[in-house]
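The values are calculated or read from the model by the stated rules, or taken from the named source; none is laboratory data. Keep in mind it's a predicted model, so treat the numbers as computed, not measured. A quick note on method: Cβ atoms are made from the backbone with ideal geometry, for glycine too, and the neighbour counts reach across all protein chains shown. Please note that ligands, DNA and RNA were not included when accessible areas were found on the heavy atoms of the full protein model with its side chains. Shrake-Rupley method; radii C 1.70, N 1.55, O 1.52, S 1.80 Å.
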Amino acid sequence: MSQKFSRRTFLKATGAVTAGVAAAATMPQKFLSWAEEAGQKEMKQIPTFCELCFWNCGLIAKVENNKVVKVDGNPLSLRGRGRLCGRGNAALGALYDPDRLKFPMINIGKRGEPVWKRATWDEALNVIAGKMKGIKEKYGPESMALIYHGTGAAFWKHLMHAYGSTLAAAPSFAQCRGPRDIGFMLTFGADVGSPEYYDFSKSKYIVLLGSHLGENAHNSQVQDIVKGFSSGAKLTVVDPRLSNIASKADRWLPIKPATDLALLLAWIRVVIEEGLYDKEYVAKYATGFDELRAAVHQYTPEWAESETTIASDVIVKVARELGENAPNVCIGAGRYSTWYGDDTQRSRAIAILNALLGSWGREGGYFFPTGAKVPEYPGLPAYPEHVEVAKLDEAYPFAMLQTTTSIKEATITGQPRPVKAWFVYGSNLMKTLPDKEETIKAIRNLDLMVTIDTMPMDIINYSDVVLPECTYLERYDNINLGKFKGEGEIALRQPTVEPLWESKPSWWITKELGNKLGLAEFFPWKDGEEYVAKRCQAGGIDFAQLKRDGVIIQKGGAPYITAENQPEFGTPSGKIELYSKQLAEKGFDPVPKYTRHPTPPAGHFRLLFGRAPLHTFSRTSNNFMLTDLQKENYLWVNTKKGKEQGLKDGEYVSLVNQDGLVASGRIKVKLTQRLRDDAVYMNHGFGVHSKGMSRADGQGIADDDLLTRHAIDPIMGGTAMRVNFVKIVKGA
Ligand SMILES: Nc1nc2c(c(=O)[nH]1)N[C@H]1C(S)=C(S)[C@@H](COP(=O)(O)OP(=O)(O)OC[C@H]3O[C@@H](n4cnc5c(=O)[nH]c(N)nc54)[C@H](O)[C@@H]3O)O[C@H]1N2
Ligand SMILES: Nc1nc2c(c(=O)[nH]1)N[C@H]1C(S)=C(S)[C@@H](COP(=O)(O)OP(=O)(O)OC[C@H]3O[C@@H](n4cnc5c(=O)[nH]c(N)nc54)[C@H](O)[C@@H]3O)O[C@H]1N2
Ligand code: SF4
Ligand SMILES: [Mo]
């Protein structure tokens, strides 16, 4: 970094971005003008988009002498609207991290106890190609799995398809938002998208269940809810913890963890019994109302109070407020939804409540999105014919996307068919999947384990070959298409500087590997730029404009239901399914039913976790701009309960879970009245175990270390991770 750019003052500006409130594009003038002050002539401004989380906000990199000196939000980006969050502003900490993966590496030791040998790209790719050929001959191409997260995965999916494998899974399904998407799919025949189709800025009443927006720093969504507040939207937050957003709410309902379904069913009952639902809408668009009514009759507010600890009169009041403000209400679908194992049913209850209030396709509820269109790369050969093989997700009938859960199982058991190789792209699986022992067992069963990453994260230590990808600021990726209200977005990722060290972009790595596998015809492009340019050309999209602006907007259809714009529901009945025959046919409850979950054993707390406003999981855990602001996680403990246990604010403790597993490391206690006394809470992403991560290694305790148990959602295979309990041990 250069002369006038002071890391300290930059951090101050970044630090001013409190708890997830998006930073204004108007950064202090000194950052915009420093080059002029320093007498610099050339300051390039190159638009691209952020990959520090999956919101993918548009940014403009200020580049001087082949160095990025600052990033700002791109005003044209619908995901950021000229702003970046605290993490997005720390782009330089990702690009210029001295700990980055610099060269391809081959593990000549064991998986889990690596001994690294630096390799050339040619050597590393030869090893991989050789193994891949052997595996294909012996077990068939479908025995190779891709586990991925992030935009750069597009080229890897292409390579896998060309090789003959369609086995690919992302943790964003079975470890994240799968239950929500399936719950809404089963009800409306459509999911809620990413970015979600919430019409918060027009809402009159919003309910969030455990979505801690602001800490979950999804840029434009945070802006939208703030806009909603300024036009008078009321907010109820249901969360065992007074999250930042709960502290801004009109009502905070500190629910007993794992009982949200009871609350939702009671709300549904009140809305029906008091006639608060949108009768015309339900009659016209929904099916199964009578069955729903009968099924929820048992769920009285008084009963719900005994489950949730929320007073029955408050439950009734919120239901009435929802009724008064319908249809301009949005009961948020949530995002991280793999909580307790009945998560698809909880999500269905949220969907049903929205349906009753008529909020789907209505102002202030859920809008109908507009997508952007760019044709695929023209003239590519057809992928090899798919060989019919046993599906891995047969056990989970509504796993509409492949789950990592089944890939792991098949890797261990060889059933229903063997999985022999994993390519892990942009996912730190050791922290991402529950039950580490099982993950390690699966990895030990593999013939080949390849990681493509930017940092020496926990996962690389279990790999045979590690391929260093360059960061999002140094590469072309595939075009990013987004769906928004009345507009679709085409966004370009392009390099702002040359890749550092020997890191390479995925378009290059996959092309080289493709060549070695005899698949050259699938990679006709000269480079990433040509790939994107040809796609644009095929769709009549001005590539020069896209390069210059970073974003092109395509205008689209109406966002709300009108006489002319009638909704279509992609369910079997073509209607909103309040009662789901599909579920009944597969042996599941057609209307969500409440089951009670285990509560913490004596002396234990339920282990809850969530997002750090200034970090994204482990991906930013070593970012020097962010570790300066938060380098470790804290254990939130209810003040009264903590004092009873003799805990002091700020002291380090260790944690042991219900199975006697002692988490490695120690964590600082934060005594707070902002949390119920039956749970503790920490940020996910810390407690990294990898020596190469010099700032992150061993900081705090990893929630994921303590997840020896998980519950599997039988409907879609999601792994529910809030089912573990911990005891606090003093004297760490
Ligand atoms: N800064 C930042 N932002 C992020 C991310 C990040 O890593 N960092 N990650 C992004 C991703 S991929 C996702 S999926 C989203 C996730 O973001 P969300 O879906 O908003 O968040 P969660 O992590 O599920 O929610 C954590 C909240 O749930 C509460 N909670 C725990 N148990 C219960 C319960 O039983 N009932 C209720 N009602 N609440 C409960 C916790 O107290 C906590 O406040 O965030 C996204 N945004
Ligand atoms: N215990 C527990 N488990 C969870 C969660 C939790 O809260 N607690 N949250 C769940 C949720 S919501 C989600 S979405 C998943 C997230 O799961 P992951 O996406 O696996 O999460 P990260 O830990 O951020 O790992 C990202 C990895 O990508 C690498 N990376 C970053 N940028 C690039 C890049 O440009 N190219 C390449 N090749 N690699 C890159 C990082 O170095 C890191 O190794 O985890 C889920 N699992
Ligand atoms: S929300 Fe923040 S971290 Fe995520 S893409 Fe936008 S700027 Fe980057
Ligand atoms: Mo997620």
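Here ILE440 clears all of (1) touching a strand residue (DSSP E or B) at 6+ places or on another chain (Cβ under 7 Å); (2) in a helix (DSSP H, G or I); (3) surrounded by fewer than 22 Cβ atoms within 10 Å (Cβ to Cβ) except the condition numbered (1). Within segment 555-580, if we keep just the residues that are part of a strand (DSSP E or B) and of a type outside the set (Asp, Glu), the residue that is most open to solvent (accessible area, probe 1.4 Å) turns out to be LYS555. When GLY361, GLY323, GLY332 are screened for being among the small types (Gly, Ala, Ser), in contact with a helix residue (DSSP H, G or I) (Cβ under 7 Å, 6 or more places away or on another chain) and crowded, with 18+ Cβ neighbours inside 10 Å, only GLY323 passes. Filter segment 660-694 for residues that are under 22 Å from the mean Cα position of the chain (by Cα) and either at pLDDT below 95 or over 25 Å from PRO456 (Cβ atoms) (or both) and give the result. Correct list: TYR681 only. Can you pull out every residue in segment 98-124 that is surrounded by 21 or more Cβ atoms within 10 Å (Cβ to Cβ) and either outside any strand (DSSP E or B) or under 27 Å from the mean Cα position of the chain (by Cα) (or both)? Scanning segment 98-124 gives ARG100, LEU101, PRO104, ALA124. Scanning segment 156-190 for residues that are open to solvent by 10 Å² or more (accessible area, probe 1.4 Å), closer than 21 Å to ALA584 by Cβ and within 16 Å of ligand 2 (Cβ to nearest atom) yields a single hit, ASP181.
Scanning segment 428-454 for residues that are basic (Lys, Arg) and touching a residue at least 60 places away in the same chain (Cβ under 8 Å) gives LYS431, LYS436, ARG444. A Cβ distance below 7 Å, combined with a sequence gap of six or more or placement on separate chains, defines the contacts here; from segment 67-89, residues that are in a loop (DSSP other than H, G, I, E, B) and open to solvent by 10 Å² or more (accessible area, probe 1.4 Å) reach residues that are β-branched (Val, Ile, Thr) and more than 16 Å from ligand 2 (Cβ to nearest atom) in the pairs LEU76/VAL551; CYS85/VAL17.
Is it fair to say HIS604 is closer than 27 Å to GLU215 by Cα and in contact with a Leu (Cβ under 7 Å, 6 or more places away or on another chain)? No, not satisfied.
Anything in segment 191-213 that is touching a Phe, Trp or Tyr at 6+ places or on another chain (Cβ under 6 Å), away from ligand 4 (no atom under 16 Å from the Cβ) and open to solvent by less than 10 Å² (accessible area, probe 1.4 Å)? List them, or say none. Residue satisfying the conditions is ASP199 alone. The number of residues in segment 601-618 that are more than 16 Å from ligand 4 (Cβ to nearest atom) and crowded, with 22+ Cβ neighbours inside 10 Å comes to 4.
If only residues of segment 407-418 that are over 12 Å from ALA168 (Cβ atoms) and touching a residue at least 60 places away in the same chain (Cβ under 8 Å) are counted, the one that is nearest to the chain's Cα centre (by Cα) is THR411. Quick one: how many residues across segment 153-193 are at negative phi, away from ligand 1 (no atom under 16 Å from the Cβ) and either touching a residue at least 40 places away in the same chain (Cβ under 8 Å) or part of a loop (DSSP other than H, G, I, E, B) (or both)? Total satisfying the criteria: 18.
Across segment 686-725, what is the number of residues that are more than 22 Å from LEU614 (Cα to Cα) and within 13 Å of ligand 2 (Cβ to nearest atom)? Here the count works out to 12. Among the conditions (1) over 22 Å from MET455 (Cα atoms); (2) touching a helix residue (DSSP H, G or I) at 6+ places or on another chain (Cβ under 9 Å), the only one that PRO499 does not satisfy is (1). Scanning segment 248-260 for residues that are more than 11 Å from ligand 1 (Cβ to nearest atom) and in contact (Cβ under 8 Å) with a residue 60 or more places away in the chain returns a single hit, ARG251. Against the numbered list (1) more than 15 Å from ligand 1 (Cβ to nearest atom); (2) open to solvent by less than 10 Å² (accessible area, probe 1.4 Å); (3) of a type in the set (S, T, N, Q); (4) in a loop (DSSP other than H, G, I, E, B), GLN298 comes up short only at (2).
Taken together, the residues in segment 314-357 that are within 16 Å of ligand 2 (Cβ to nearest atom) and part of a loop (DSSP other than H, G, I, E, B) amount to 10. Looking only at segment 419-427, decide whether some residue is within 20 Å of the chain's Cα centre (by Cα), touching a residue at least 24 places away in the same chain (Cβ under 8 Å), in a loop (DSSP other than H, G, I, E, B) and closer than 29 Å to THR471 by Cα. Checking segment 419-427: at least one residue is within 20 Å of the chain's Cα centre (by Cα), touching a residue at least 24 places away in the same chain (Cβ under 8 Å), in a loop (DSSP other than H, G, I, E, B) and closer than 29 Å to THR471 by Cα. Out of GLN402, GLN345, one residue alone is assigned by TED's automatic domain parsing to the domain that holds ALA233 and either open to solvent by 20 Å² or more (accessible area, probe 1.4 Å) or under 25 Å from the mean Cα position of the chain (by Cα) (or both). It is GLN345. When segment 268-291 is filtered for residues that are among the hydrophobic types (A, V, I, L, M, F, W, C) and either surrounded by fewer than 14 Cβ atoms within 10 Å (Cβ to Cβ) or touching a strand residue (DSSP E or B) at 6+ places or on another chain (Cβ under 9 Å) (or both), the ones remaining, listed by number, are VAL282, ALA283, ALA286.
Considering only segment 619-732, give the strands (runs of 3 or more DSSP E) lying wholly within it that have at least 1 residues that are under 30 Å from GLU113 (Cα atoms) and open to solvent by 30 Å² or more (accessible area, probe 1.4 Å).
Details: elements: 634-638, 652-657, 667-672, 679-683, 725-729.
Filter on segment 619-732 gives 634-638, 652-657, 667-672, 725-729.
Which residue pairs have Cβ atoms closer than 7 Å, lie 6 or more positions apart in sequence or on different chains, and pair a first residue in segment 495-506 that is over 12 Å from TYR96 (Cα atoms) with a second residue that is aromatic (Phe, Trp, Tyr) and open to solvent by less than 10 Å² (accessible area, probe 1.4 Å)? Short answer, once both residue conditions are applied: SER506/PHE155; SER506/TRP156. Checking the structure you have, find out if any residue of segment 216-231 is assigned to a loop (DSSP other than H, G, I, E, B), in contact with a strand residue (DSSP E or B) (Cβ under 7 Å, 6 or more places away or on another chain) and open to solvent by 10 Å² or more (accessible area, probe 1.4 Å). No, there is no match, as no residue in segment 216-231 is assigned to a loop (DSSP other than H, G, I, E, B), in contact with a strand residue (DSSP E or B) (Cβ under 7 Å, 6 or more places away or on another chain) and open to solvent by 10 Å² or more (accessible area, probe 1.4 Å). Of the listed requirements (1) open to solvent by less than 10 Å² (accessible area, probe 1.4 Å); (2) within 12 Å of ligand 1 (Cβ to nearest atom), TYR366 misses just one: (2).
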